[in-house]
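The values are calculated or read from the model by the stated rules, or taken from the named source; none is laboratory data. As the structure is a computational prediction, the values presented were derived from the model and not from experiment. Cβ sites come from the backbone with ideal geometry, for glycine too, and all protein chains shown count toward neighbours. The protein model used for the area step is the full one, side chains on, heavy atoms only, and it has no ligands, DNA or RNA in it. Shrake-Rupley method; radii C 1.70, N 1.55, O 1.52, S 1.80 Å.
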Amino acid sequence: MKTVRFITAVLYATVFIATTTQAIAQPGSTSAPILPASARLALPGEAHRWLEPLVGQWNVEMRVFTAPDQPPIISKDLTAKREFILGGRYLREELQGLFAGNPATRLATLSYNNLDERWELSTIDTFEPGQMWYQGHTLGSPQKFELRGESTEAGFGPTPTGRKRALRFVFEISDLNRNVLRIYIKYPAQPEQLFVEQIFTRRP
């Protein structure tokens, strides 16, 4: 067993050294080091800088539309903190407070995948029973982009509905002090409708 572990460790070290060597300029060379594709594409790029207006402390007004013919449930008792992590590669959000009188929390990471050229969002929260993932693209300008995903609905009643639904997240940055997240929902054979609207206003 010790021999197997030793051989495995040597193999990992060999791969690491070989990869790192590619990023080191040759002696006497005046050219910049060449990074492996994985390291180069993992660096923050222009799209990551588009997220800078989202960084900070926020007051959040949240509106949930349970049905097209019903008034929304509104909460103004939420706050959010957004910050870059891993050297600016990801934007992390922690939203918390009260919604409909109950404690509410959401953790999310948002970033741009330079390899696949798409936005990627992952969320966990106290509103839904599972993790969610979304992918998307910019909508004509750095101030607006959308991501799409799918999930199974639990519903607001005592029994889970189990309905499949498509979700569309639209981020819109008005300026440095205000941005809005709108979540649209679509069920099979039904038109898309606004499901959630979150208005972020920068805290003093």
- the range 46-111 - charge dipole about Cα centre, Lys and Arg +1 at Cβ, Asp and Glu -1, debye rounded to 20: 140
- Query: At a probe size of 1.4 Å, how large is the accessible area of TYR112, to the nearest 10 Å²?
  - Reply: 50
- For ASN114, residues with placed amide H under 5 Å, excluding near neighbours: none
- Note on the structure: Shape call for the range 74-204, from the Cα gyration tensor axes a ≥ b ≥ c (a/c under 1.5 means rounded, otherwise prolate when a/b beats b/c, else oblate), comes out oblate
- Message: Accessible area of the range 63-149 with a 1.4 Å probe: how many percent of it is carbon plus sulfur?
- Response: 50
- Item | Virtual spin-label span in nm between MET132 and GLN70, 7 Å along Cα→Cβ | 1.7
- Note on the structure: Filtered hits (aspartates and glutamates, Cα-Cα < 16 Å from LYS144, offset >= 8 within chain) -> GLU46, GLU52, GLU117, GLU120, GLU172, ASP175, GLU197
- Accessible area (Å², per residue) of the range 165-204, counting only protein heavy atoms and a probe of 1.4 Å: 49
- Taking +1 at the Cβ of each Lys and Arg and -1 at the Cβ of each Asp and Glu, which of PHE195, ASN177, GLY162 sits farthest along the dipole of the range 159-202 towards its positive end, judged by Cα position relative to the Cα centre? GLY162
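Sort GLU117, GLU61 by heavy-atom solvent-accessible area, probe 1.4 angstrom, most to least.
Values: GLU117 115, GLU61 40 Å².
The residues order as GLU117, GLU61, largest area first.
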- Note on the structure: Ignoring ligands and nucleic acids, GLU46 exposes an accessible area, probe 1.4 Å, in Å² to the nearest 10, of 110
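When the solvent-accessible surface of protein heavy atoms is calculated with a 1.4 angstrom probe, in what order do PHE171, PHE65 fall, highest first?
Details: PHE171 15, PHE65 45 Å².
Correct descending sequence by accessible area is PHE65, PHE171.
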- How much FRET efficiency would the formula 1/(1 + (r/R0)^6) give for GLN190 and ASN113, where r is the Cβ-Cβ distance and R0 is 35 Å, rounded to 0.05? 0.70
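So if each residue of separation counts as 0.36 nm, and I subtract the Cα-Cα distance between ARG165 and ILE124, what length gain in nm does that give?
Here the segment from ARG165 to ILE124 would lengthen by 13.0 nm.
Which FRET efficiency, nearest 0.05, do THR105 and THR201 yield, Cβ-Cβ r, R0 25 Å? Spell out each step's value before the answer.
On the way: r = 19 Å, r/R0 = 0.78.
E between THR105 and THR201, to the nearest 0.05, is 0.80.
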